[in-house]
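See below for the structure under consideration.
The values are calculated or read from the model by the stated rules, or taken from the named source; none is laboratory data. Computed from a prediction, not measured in an experiment: that's the story for all the values here. Quick reminder, even Gly has a Cβ in these numbers, built from the backbone with ideal geometry, and neighbours come from all protein chains shown.
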Amino acid sequence: MTQSQPISPTRAWLESLRPRTLPLAFASIVVGNALAWWQGFFNPAIALLALLTAGLLQILSNLANDYGDAVKGSDKPDRLGPLRGMQKGAITQAQMKVALAIVVVLICLSGLALVLVACKDFADFLGFLLLGLLSIVAAITYTVGTRPYGYMGLGDISVLIFFGWLSVVGSWYLQTHTLALSVFLPATACGLLATAVLNINNLRDIDSDRENGKNTLAVRLGPETARQYHAVLLMGSLVCLALFNLIWLNSLWGWLFILSAPLLVKQARFVLTEKAPAAMRPMLERTVKGALLVNILFSLGILLSGQHI
């Protein structure tokens, strides 16, 4: 780990915290709560605590990712993606361990407050505590440990589960205390969009990841198939939302998300035609913005459709 130029501690920690990733973590919670409101259930305290907990979990994942990659030496100066605080030598292992412990404590406090406010019986209370602990473990072990699952190509399924099914269905359940098959379609859409963000990141770093033994799904699929996979993720999210509107919502407002389709199609075409990993650099931010636009438009369409009680 080398530091090419001086960097302030504040800048180093901001680079490792990656605050720009937080809106994507919030988006799934917003979708879940919008769906709950559509069914006539909404508690602002539950929504705010769910957003806080999701944001802290994302921060934990970011810090753990920085720590794990730095310890393993998998993020080297020649990678296309940006180096973070630890890789630059501005944050020590001991400092990062303290930061990780602090964030875990904050997650436990926020998560405990969430289940105390939202859960009505002991089974739900215990179940969400276990899901919270599982989320903490998943955030850390993505790159940390002797067998990090992110290095085995399992990061994509983890993102689909935690940014899609668990975030959307979980936030829906905390508001409604019921499970509904319909919610899994928008939950899957959210998960696919978040997975697309991870995939574009892995496409950008595919060469350096391969050389350093970081066998992401993009590395396992190969650059050409990983590009096709990316297009499927983007288009699949739109299909899921369209099916939800056709089967359950049945509202013209429910098609508001279609306004984002040209942007996603343009992104998919770019990824399919541009073969150089360096071309993926600007696409990470664009994919994040595209995912956010889809989720915001869908949530707005739900709210404008009115409550279905």
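Brief remarks follow.
- None of R210, R227, R204 is among the basic types (K, R), at pLDDT below 95 and touching a Leu at 6+ places or on another chain (Cβ under 9 Å) except R204.
- Conditions (1) at pLDDT below 95; (2) under 18 Å from A34 (Cβ atoms): number failed by V168: (1)
- Any hit, the stretch 180-191, residues being in contact with a Cys (Cβ under 7 Å, 6 or more places away or on another chain), under 30 Å from A276 (Cβ atoms) and either modelled with pLDDT of 90 or more or assigned to a helix (DSSP H, G or I) (or both): yes
- Residues satisfying the stated conditions in the stretch 162-197, i.e. under 12 Å from G236 (Cβ atoms) and of a type outside the set (V, I, T): G164, L185, A189, C190, G191, L192, L193, A196
- In the stretch 200-250, counting only helices (runs of 4 or more DSSP H) that sit wholly within it, the ones holding 1 or more residues that are within 18 Å of P262 (Cβ to Cβ) span 223-244.
- Subset of the stretch 123-140 (residues that are touching a residue at least 40 places away in the same chain (Cβ under 8 Å) and either among the β-branched types (V, I, T) or loosely packed, with under 15 Cβ neighbours inside 10 Å (or both)): I136, I140
- Test result for L256, in a helix (DSSP H, G or I), in contact (Cβ under 8 Å) with a residue 12 or more places away in the chain and more than 16 Å from L193 (Cα to Cα): yes
- Restricting the stretch 259-294 to residues that are assigned to a helix (DSSP H, G or I) and of a type in the set (G, A, S), the residue that is surrounded by the most Cβ atoms within 10 Å (Cβ to Cβ): A291
- Criterion: farther than 19 Å from P148 by Cβ, of a type in the set (A, V, I, L, M) and out of contact with any Pro (no Cβ under 8 Å at 6 or more places or on another chain) - qualifying residue of L203, L246: L246
- Where helices (runs of 4 or more DSSP H) sit wholly within the stretch 1-89, those with at least 2 residues that are buried (at least 22 other Cβ atoms within 10 Å of the Cβ) and at pLDDT 95 or above occupy 22-38, 44-72.
- Of all residues in the stretch 190-226 being touching a residue at least 12 places away in the same chain (Cβ under 8 Å) and of a type in the set (G, A, S), the one that is surrounded by the fewest Cβ atoms within 10 Å (Cβ to Cβ): G213
- The lone exception for G153 - which of (1) among the small types (G, A, S); (2) buried (at least 20 other Cβ atoms within 10 Å of the Cβ); (3) farther than 21 Å from V30 by Cβ it fails: (2)
- In the stretch 153-181, the residues that are over 18 Å from the mean Cα position of the chain (by Cα) and either of a type in the set (A, V, I, L, M) or over 25 Å from V117 (Cβ atoms) (or both): L174, L179, A180, L181
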